[in-house]
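Remarks on the structure that follows.
Since every read-out is calculated from the coordinates, none of them should be taken as a lab result. What you are looking at is a predicted structure, and each value in this text was computed from that prediction instead of being measured. Note that we place each Cβ from the backbone using ideal geometry, even for glycine, and neighbour counts take in every protein chain shown.
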Amino acid sequence: MRPRLRVGVLHSRVRVEEKWIFAALEQRGVDYERLDDRRIFFDLDHPETWRQYDAILERSISYTTGLNALRILNAWGVPTVNTAAVAEACGDKLATSAALSKADVPQPHNLIAFTPESALEAVEKLGYPVVLKPVVGSWGRLLAKINDRDAAEALLEHKAVLGSYQHSIFYVQEFIQKPGRDIRALVVGDKVVTAIYRKSPHWITNTARGGEGEICPLRPDLEEICFRAAQAVGGGVLAVDVIEHPERGYLVNEINHTMEFHTAQPLTGIDVGAVVVDYVVQVARGKIAQPGGIRV
Amino acid sequence: MTTVTCPECAAEITLEADAEVNEIIVCSDCGVDLEITSLAPAAVELAPMEEEDWGE
């Protein structure tokens, strides 16, 4: 008889996605444990308590917490979904852009600078309007559309003076006149599970900011770019956000490694939580290779 | 039916049957975010403020 699998779910607050994941784990009779990332600690001399898990699904709401937990777990050879390497590539927009660039996956034109002066030069080179984004951040927070030089100077100075050092990594992106929507595609392993449009009259279409969902048909070219984007960051359970450029077609804007699917699951009728759990079970059984997380 | 009291405005809130520990609920009276910290007995606390690196 196959030994019983033990899965850990590292979480913070329980969102609706975690509820669906827990329900799928229970339906499948998987022996799982909820690990609140605000209560756990790691003793670096004693990996054995963590090595008893066949896999850990990381659903932390804090990027820093999740990433650091994954680093320790992968160093100990504990299989995780996703791996620390994938979290590193997705949680930082600059790292994502670098990975996409390496894999020749089409993305918006991005310029990176490290001082307000060089950032201003980058902004002027792109031409207004541009979008300034924090390299770490989510839910559409702190995105700024800059329409002219006055605004650029003010914003760059504020970011340099008021922000943490992270805000002095200036990530400047061309503003794309998208058709009032972007696309979120959910990729699990080598399969593009489903996709939705996120529609909003506002230039920020994130559903966390009021964007509304609509089913997006999975065209082969959309599937291909999403699959390639997921592979570029190492693969796993990922949400690929895609912008439709009026001339250049699909561009990958960002990739989320602890994806939310509160809009996609009810809209498409696909039990995404169950798809995620099935993938985690495959990882726990050692059926899926773990980049950077070889079991000891 | 399980009820809790909002620590912010003292309103009585009824928890859903499928409520989970660590789930965030919103007080229908004052709108504050609350985290369910236990179910038996039912208890809630003010939810932590959103941090800059939070997200998906």
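Please label the shape of segment A:178-271 as rounded, prolate or oblate, based on the square roots a ≥ b ≥ c of the eigenvalues of the alpha-carbon gyration tensor (a/c under 1.5 means rounded; beyond that, a/b larger than b/c means prolate, else oblate).
On the way: a/c = 1.58, a/b = 1.17, b/c = 1.35.
Oblate.
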Checklist entry - Per-residue mean of other chain beta-carbon atoms within 10 angstrom of the beta-carbon, peptide B:45-55? => result 6
Checklist entry - For segment A:16-43 and segment A:116-150, what is the separation of their C-alpha centers, rounded to whole Å? => result 38 Å
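With +1 on the Cβ of every Lys and Arg and -1 on the Cβ of every Asp and Glu, and nothing else charged, how large is the dipole of chain B about its Cα centre, in debye rounded to the nearest 20? Let's see the in-between values first.
Values: 0 positive and 15 negative charges, 85 e Å.
With Lys and Arg at +1 and Asp and Glu at -1, about 420 debye.
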Checklist entry - How large, in Å, is chain A by the Kirkwood hydrodynamic radius built from its alpha-carbon pairs? => result 20.0 Å
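Calculate how large, on average over all directions, the projected area of the Cα convex hull of segment B:3-46 is; give the answer in nm² to one decimal. Please report the intermediate quantities before stating the final value.
On the way: hull surface 10.1 nm².
Mean projected area of the Cα convex hull: 2.5 nm².
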Item to check | Relative contact order (percent, whole number), chain A, Cα cutoff 8 Å, 6+ residue spacing | outcome: 22 percent
Item to check | Percent antiparallel among DSSP beta bridges (both partners in chain A, rounded to 5) | outcome: 75 percent
Item to check | Translational diffusion of segment A:110-174, µm² s⁻¹ [Kirkwood Rh, Cα pairs; Stokes-Einstein; 20 °C; 1.002 mPa s] | outcome: 188 µm²/s
Checklist entry - With charges set only on the Cβ (+1 for Lys and Arg, -1 for Asp and Glu), what does the dipole of the protein assembly as shown come to about its Cα centre, in debye to the nearest 20? => result 1120 debye
Item to check | Choice from A:VAL272, A:VAL105, A:VAL81 with maximal GNM fluctuation in chain A (Cα, 10 Å cutoff) | outcome: A:VAL105
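Determine the dipole magnitude for segment A:63-126: charges of +1 sit on the beta-carbon of Lys and Arg, -1 on that of Asp and Glu, nothing else is charged, the reference point is the Cα centre, and the result goes in debye to the nearest 20.
On the way: 4 positive and 6 negative charges, 53 e Å.
My answer is approximately 260 debye.
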Next on the checklist: So for segment A:1-141, averaging the separation of alpha carbon pairs under 8 Å that are six or more residues apart and normalising by length, what relative contact order in percent results?
Outcome noted: 20 percent
Item to check | Leading residue at positive end of dipole, segment A:178-271 (Cβ point charges), from A:PRO179, A:ALA229, A:ALA264 | outcome: A:PRO179
Item to check | Ranked packing of B:3-10, B:18-25, most packed first, by mean Cβ within 10 Å | outcome: B:18-25, B:3-10
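Per 0.36 nm of contour for each residue apart, how much would the distance between A:ARG4 and A:HIS158 grow if the chain were fully extended, relative to their Cα-Cα spacing? Write down the numbers at each step before the final one.
Values: separation 154, 0.36 × 154 = 55.44 nm, distance 5.45 nm.
Separation in residues times 0.36 nm, less the Cα-Cα distance, equals 50.0 nm.
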Next on the checklist: Binning at 5 angstrom from zero up to the longest distance, how are the C-alpha pair distances of segment A:5-132 distributed in percent?
Outcome noted: 2, 9, 16, 16, 14, 11, 9, 9, 7, 4, 2, 0
